[in-house]
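All remarks here apply to the structure that follows.
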Amino acid sequence: MSHNMTAVSGQRPTAASPVAAGQAAEEDLRALFGQSVAVFASLSGPAHLVETANPAFFAAIGEGQARAGVALAELMPEVAGQGFIPLLDQVFRTGEPYTGRDVLVTLGSGPQTREAFFDLTYEPRRDADGNVTGIHVLGVETTQVKHAQRLMAEHRALLEQIARQAPLTEVLDGMARCIENLAPQEVLVSILLADSDAQHLRHGAAPSLPAFYNEAIDGIATGEGVGSCGTAAYRREPVIVTDIATDPFWDDFRDLAGQAGLAACWSTPISARDGSLLGTFAMYHRTPRVPQDSDLALARLFAGTAALAIERHHIEQAKLAAEARATSANDELAKVVRVERELRAEAEQRAAAAAELADQMRVAAAAQAATPHPDHCQLGGTAVCTAPAEIKIADSWGDAAWGCPAHVEEAILNVRSVFIASEELGGLTAYLNR
């Protein structure tokens, strides 16, 4: 394992107890919402010179600008057009404090520019005679809280989508876009779905990744060293690759990632309640990056939400399949019943016909009984055959005669469509049905 790939495991209690689950959720919320850090600066005079400030203040504005004894407008030139200096002037002039909630501040310049939110209070400083000599600036940065609150609101919306059984593709695509839009730094989200055998991963959602990339990884195997996602799915634990360019897990996909402009990938397995694999949740970055606690908490939160959506989808699919099987079984049963009825009706018709035929045969047999049985063969023609008459033969028109075995055999060879039977075996039938 290279130095820039880390398998993140064992960071949460493994026991499925309410206490353990509660502790994990509390830690994730703390990571998402952050710790409140107060910033403080003491300004003096109408030019608002920075006399003193705590480290949090200088950290907020940028360590490169950390110095005292200069005017705030010089120390932070980017705030000049944001309305803060006029507010300080007003507090200094009137002696009335000012309080602002979730005030948007643009800090830094160029590539280092960032937007931040603060709860701010400007409190006037007074001398012994009550004259305003300066201003105390007190603030608490709420940027992370704002971002987390927006994420939580979007998260609730996703849960509502799942509850009303929105299509899985819609839920997963919305989840990916939500994280991409609200994350403080650029991130590209990918969700892969496990096959039923958990041996391959299929495309689920990745709205910001190139189509050629999604097509290339659709169907990748789960296994040790198969990128971040294949490995995370195989290990059933998060895999953090901070630099794709040098990590051995990406040997087979490095060129592909380079074409897509991807430099880091953090993948988290999506697991069902019974521990089976449902898929992976991945966060890609354009530059090499090491995750913060808030990043890992975000991944856990949305991997759990994805698990809920995927399991709900599987349940619905199983329900539909069961209903289809039940409908098919009912159709087959109806077909069997229909065929059975048809066969029963046909059997009844045949039985009736057989009974009628038997009656006819009994009548015919009684009539035939009065006809004397010839003693000698009737099939000898002009050459009278004196052999005993043993077999009755009839053609398809019902014409019949008694003959000896030799002449009967000759008739069979020379006459088409002949019916033969002894009188006892119903030879009369051909005659009656002619």
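State the number of residues belonging to segment 208-229 that are in contact with a Ser or Thr (Cβ under 7 Å, 6 or more places away or on another chain) and open to solvent by less than 40 Å² (accessible area, probe 1.4 Å). Can you show your working first?
Taking segment 208-229 first, the residues in contact with a Ser or Thr (Cβ under 7 Å, 6 or more places away or on another chain) are 209, 224-225, 228-229.
Now drop any that are not open to solvent by less than 40 Å² (accessible area, probe 1.4 Å), which leaves 209, 225, 228-229.
Qualifying residue count, segment 208-229: 4.
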Worksheet item: Can you find even one residue in segment 264-279 that is assigned to a loop (DSSP other than H, G, I, E, B), within 25 Å of M152 (Cβ to Cβ), modelled with pLDDT under 95 and under 19 Å from the mean Cα position of the chain (by Cα)?
Response: yes
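Across segment 230-239, what is the total count of residues that are under 23 Å from L168 (Cβ atoms) and either part of a strand (DSSP E or B) or open to solvent by less than 10 Å² (accessible area, probe 1.4 Å) (or both)?
3
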Response to the item:
Per the filter on segment 337-355, residues modelled with pLDDT of 85 or more and open to solvent by 90 Å² or more (accessible area, probe 1.4 Å) are R338, R341, E342, L343, R344, E348, Q349
Worksheet item: Could you list, in sequence order, the residues of segment 150-166 that are among the basic types (K, R) and more than 13 Å from E316 (Cβ to Cβ)?
Response: R150, R156
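Keeping to segment 299-312, report how many residues are touching a residue at least 40 places away in the same chain (Cβ under 8 Å) and in contact with a strand residue (DSSP E or B) (Cβ under 8 Å, 6 or more places away or on another chain). Don't jump to the end; show me each part of the working.
Let us first name the residues in segment 299-312 that are touching a residue at least 40 places away in the same chain (Cβ under 8 Å), namely 299-302, 305-306, 308-310, 312.
Subsequent filtering for residues that are in contact with a strand residue (DSSP E or B) (Cβ under 8 Å, 6 or more places away or on another chain) retains 299-300, 302, 306, 310.
Residues meeting the conditions: 5.
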Discussion item. Any residue that is open to solvent by 40 Å² or more (accessible area, probe 1.4 Å) and over 20 Å from E316 (Cβ atoms) - is there at least one of those in segment 167-178?
Written reply: yes
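Being open to solvent by less than 10 Å² (accessible area, probe 1.4 Å) and of a type in the set (S, T, Y) is true for just one of T280, T242, T268, T246. Which residue is that? Before you say what the answer is, go through the steps one by one.
Numbers: T242 fails: open to solvent by less than 10 Å² (accessible area, probe 1.4 Å); T268 fails: open to solvent by less than 10 Å² (accessible area, probe 1.4 Å); T246 fails: open to solvent by less than 10 Å² (accessible area, probe 1.4 Å).
Selected residue: T280, the only one of T280, T242, T268, T246 that is open to solvent by less than 10 Å² (accessible area, probe 1.4 Å) and of a type in the set (S, T, Y).
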Worksheet item: Looking at (1) over 29 Å from I179 (Cβ atoms); (2) in contact (Cβ under 8 Å) with a residue 24 or more places away in the chain; (3) in contact with an Asp or Glu (Cβ under 8 Å, 6 or more places away or on another chain); (4) open to solvent by 30 Å² or more (accessible area, probe 1.4 Å), which is the only condition T106 fails?
Response: (1)
Worksheet item: Can you pull out the residues in segment 283-330 that are open to solvent by 10 Å² or more (accessible area, probe 1.4 Å), at pLDDT 90 or above and among the hydroxyl-bearing types (S, T, Y)?
Response: T287
Worksheet item: What number of residues within segment 159-175 are of a type in the set (S, T, N, Q) and assigned to a helix (DSSP H, G or I)?
Response: 2
Fill in: Subset of segment 152-166 [under 17 Å from G304 (Cβ atoms) and either in contact with a Cys (Cβ under 9 Å, 6 or more places away or on another chain) or open to solvent by 80 Å² or more (accessible area, probe 1.4 Å) (or both)]
E154, H155, R156, A157, L158, E160
Practice prompt. Test V189 against the stated conditions and say whether it is more than 28 Å from L296 (Cα to Cα) and surrounded by 12 or more Cβ atoms within 10 Å (Cβ to Cβ).
Written response: no
Discussion item. Every residue in segment 82-99 that is open to solvent by less than 40 Å² (accessible area, probe 1.4 Å) and out of contact with any Gly (no Cβ under 9 Å at 6 or more places or on another chain), please.
Written reply: G83, F84, I85, L88, V91
Response to the item:
Residue set A232, A183, A205; condition under 25 Å from H313 (Cα atoms) and either out of contact with any Asp or Glu (no Cβ under 6 Å at 6 or more places or on another chain) or among the hydroxyl-bearing types (S, T, Y) (or both); output residue A232
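The values are calculated or read from the model by the stated rules, or taken from the named source; none is laboratory data. In this text the structure is predicted, and so the values were computed from the model without any measurement. Cβ: placed from backbone, ideal geometry, glycine included. Neighbour counts: every protein chain shown. Ligands, DNA and RNA are stripped out before the accessible areas are found, and what is left, the full protein with its side chains, is counted by its heavy atoms. Shrake-Rupley method; radii C 1.70, N 1.55, O 1.52, S 1.80 Å.
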